[in-house]
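Throughout, read-outs are computed from the coordinates displayed, never taken from laboratory work. Computed from a predicted model, the values in this text were never measured in an experiment. We place every Cβ from the backbone using ideal geometry, glycine too, and count neighbours over all the protein chains shown.
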Amino acid sequence: MNTQKTIEEIITLWKKEKTNYVKRSSMSAYSLLLKNHIAPAFGNNMAIEETEVQAFVNRKLEQGISQKTIKDMLIVLKMVLKFGVKNNWLSKCQFDIQFPTDHTKQGIEVLSKAQHRKMMQHIEQHFTFRNLGVYLCLCTGMRIGEVCALTWDDIDVENGTIHIRRTLQRIYSLNDTGNKTEVIIDSPKTKNSAREVPMNRDLIKMLKPIKKIVNGAFFVLTNELKPTEPRTYRVYYQKMIVDLGLPRIKFHGLRHSFATRCIESKCDYKTVSVLLGHSNISTTLNLYVHPNLEQKKKAIDQMFKGLK
């Protein structure tokens with residue numbers, strides 16, 4: 001075995017190598033988890049036992065950190081440990097961590113059809129570029145980072161499509177020893193997130209006269225060369241829904257609402273998955289396809305009908 005190293009030393013070397021292979025936003029997320037959670041807990045260790053990792057998980061749960069976030073920490077920790085073992089700086093260590101059973105089922109936030117219609121009608125009657133961004137999300141299911149990164153060149157009114165090529169986000173700065181952040185424009189979330197989404201007739205009619213006079217390089221939300229960032233746009237959106245007397249659902253609820261309307265309209269699931277830019281159809285099915293009691297009764301009746 002090569003000279004043993006501490007987990008802190010392995011983290012430093014792992015980050016240096018990993019930076020060459022992943023997106024900046026991913027590396028930023030990894031670095032934040034390492035700095036705030038993993039390094040303080042295990043940095044001085046020359047080895048890690050399963051009992052230590054389980055105790056770490058239990059502490060994080062007691063602190064109110066979600067299971068998803070803790071599982072993300074474990075994914076990063078495993079990558080670092082695997083790197084250490086591969087380079088013979090660390091003995092092989094495996095762990096099987098237990099989480100308490102979570103019986104609560106989180107529902108997605110969705111506008112009703114009437115609320116969806118009300119918001120769209122308000123924007124049609126009170127057009128601003130920032131309002132247009134909300135309208136686009138209601139009509140296409142775009143993510144907030146995608147609409148913040150959208151330029152007029154991405155909108156093709158002749159063919160009636162929007163090309164989603166980029167996302168804008170604020171990330172933890174990798175070049176800083178403090179807690180500074182920076183805004184970046186990067187490729188979309190996954191390979192499937194880079195997509196072409198058709199526009200409905202009302203949206204094309206709204207955008208056609210605007211496209212004739214705007215600068216294609218300008219961002220849609222600001223109609224300037226400088227974009228707005230997601231956290232600023234969320235504040236604007238929340239004020240809008242309060243003013244309209246609508247439920248205070250998160251901005252991502254606009255995407256959920258679009259997807260729900262598609263499913264309600266009997267769109268096939270694969271098409272909905274592609275429109276949303278999901279990495280696979282199972283994500284779409286798990287999120288949005290939940291048979292109601294009437295559909296369940298129909299399935300049972302059909303099954304017994306087939307037995308007769």
Checking rank on 187-197, 246-256, with mean other Cβ inside 10 Å and highest first, the result is 246-256, 187-197
Evaluated at 10 °C and 1.306 mPa s, the Stokes-Einstein D of the chain based on the Kirkwood radius over Cα pairs, in µm²/s, stands at 70 µm²/s
Computed over the Cα atoms of the range 113-288, the Rg and Dmax in Å are 16.2, 51
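Work out how much length residue 282 to residue 112 would gain on full extension: take 0.36 nm times their residue separation and subtract the Cα-Cα distance, in nm to one decimal. Show your work: numbers first, answer last.
On the way: separation 170, 0.36 × 170 = 61.20 nm, distance 2.40 nm.
Stretched fully, the residue 282-residue 112 segment lengthens by 58.8 nm.
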Treating only Lys and Arg (+1) and Asp and Glu (-1) as charged, each at its beta carbon, one finds that the chain has a dipole about its Cα centre, in Debye to the nearest 20, of 660 debye
A chain fully extended from residue 302 to residue 250 at 0.36 nm per residue, minus the present Cα-Cα distance, gains in nm 14.8 nm
For 88-99, 210-221, ranked highest to lowest by mean beta-carbon neighbours within 10 Å, the order is 210-221, 88-99
For the range 189-235, shape from the Cα gyration tensor axes a ≥ b ≥ c, cut at a/c of 1.5 then a/b versus b/c, turns out oblate
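Determine the shape class of the range 184-263: with a ≥ b ≥ c the square roots of the Cα gyration tensor eigenvalues, call it rounded for a/c under 1.5, and otherwise prolate if a/b is greater than b/c, oblate otherwise. Walk me through the numbers on the way to the answer.
Details: a/c = 1.27, a/b = 1.22, b/c = 1.04.
Judged from the Cα gyration tensor, the range 184-263 comes out rounded (a/c under 1.5).
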The helix 50-62 Cα axis meets the longest alpha-carbon principal axis of the chain at an angle in degrees, between 0 and 90 and rounded to 10, of 40 degrees
Everything considered on the Cα gyration tensor (a ≥ b ≥ c; rounded for a/c under 1.5, else prolate if a/b is larger than b/c, else oblate), the range 7-86 must be described as oblate
